[in-house]
Amino acid sequence: MKVKRVVLDPSAKTPTAVVILENAREKKLIPIWIGSEEATSIALELESVAIPRPNTHDLIRNILQGIGATLQRITITDLRNNVYYASISLKVKGQEFQIDSRPSDAIAVALRMKAPIYASTQVLAKAKQLPSSEKPRDDIRKILGIHVQDLTPELASLFDLQARKGLLVADVDPGSAASEAGVQRGDVILRVNERAIQRAADLESLVQGAKRPGQLRMEVLRKGKTATVVVDLPS
């Protein structure tokens with residue numbers, strides 16, 4: 001499996017991070033709700049961001065490397081009562097050890113040590129079906145500074161959203177027009193300039209046809225409530 005991305009759960013009343021694992025061969029997604037510190041640690045490694053001092057997962061990697069241990073793999077082993085369980089497989093001096101772990105910690109360390117990530121058969125059996133392919137929209141990203149996903153029924157179910165149509169904001173570029181307007185990762189874009197948005201192509205056509213400089217008035221679903229943000233389009 002691979003780490004697809006870390007996103008915010010738009011249905012949560014307080015900011016809650018979700019790491020999404022993808023099994024492309026089985027066409028399955030595994031969403032795991034995690035803490036903010038673990039989410040930051042995973043995101044830093046995904047984006048290859050260097051920090052001046054090691055965090056907890058950097059420290060674990062350094063210790064393992066220092067004692068000559070090899071991280072063979074991590075496995076998401078079980079899902080019980082909506083809680084995921086994981087194990088870390090270490091090899092030290094030819095002997096293999098299985099260590100119980102939270103999935104978030106296991107994933108963060110696996111990314112740092114370039115170790116494979118697996119999921120057990122029973123976990124995959126409970127996983128969500130992979131939504132239709134996500135295609136980056138160059139104009140949306142270039143002009144607005146956001147990466148969006150069509151809100152398919154599968155994706156809406158993944159996050160337990162009331163909305164069944166719209167665009168899920170998967171990422172916001174710092175300093176972009178959308179960021180300055182207050183658009184947040186996890187927002188669901190419902191309407192733009194009074195026009196219903198059902199897919200990325202709808203927003204793309206509005207962006208391409210908008211006068212610049214100008215404005216886009218967005219109605220978004222955020223933490224179960226609607227909000228309005230106004231994005232200034234650069235000339």
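The values are calculated or read from the model by the stated rules, or taken from the named source; none is laboratory data. Small disclaimer: the values here were computed from a predicted structure and weren't measured. Positions of Cβ are generated from backbone atoms using ideal geometry, with glycine treated the same way; all protein chains shown enter the neighbour counts.
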Can you tell me which residue is modelled with the highest pLDDT among those in the range 181-199 that are in a loop (DSSP other than H, G, I, E, B) and on the phi < 0 side of the Ramachandran plot?
Val183
Taking the conditions exactly as written (surrounded by 19 or more Cβ atoms within 10 Å (Cβ to Cβ) and among the hydroxyl-bearing types (Ser, Thr, Tyr)), does Thr121 satisfy them or not?
no
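To keep it simple, each residue is scored yes or no on (1) part of a strand (DSSP E or B); (2) within 22 Å of Leu29 (Cβ to Cβ).
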site	(1), (2)
Tyr85	yes, yes
Phe97	yes, no
Asp100	yes, no
Ser104	no, yes
Tyr118	yes, yes
Quick check on Glu38: is it in the same structural domain as Ala115 (by TED's automatic domain parsing), under 15 Å from Val7 (Cβ atoms) and in contact with an Asp or Glu (Cβ under 8 Å, 6 or more places away or on another chain)?
yes
Quick test for you: out of Ser48, Ser89, pick the one residue that is outside the structural domain of Ile146 (by TED's automatic domain parsing), closer than 26 Å to Val183 by Cβ and either of a type in the set (S, T, N, Q) or over 20 Å from the mean Cα position of the chain (by Cα) (or both).
Ser48
Go through the range 34-59 and count every residue that is among the polar types (S, T, N, Q), out of contact with any His (no Cβ under 9 Å at 6 or more places or on another chain), surrounded by 14 or more Cβ atoms within 10 Å (Cβ to Cβ) and assigned to a helix (DSSP H, G or I).
1
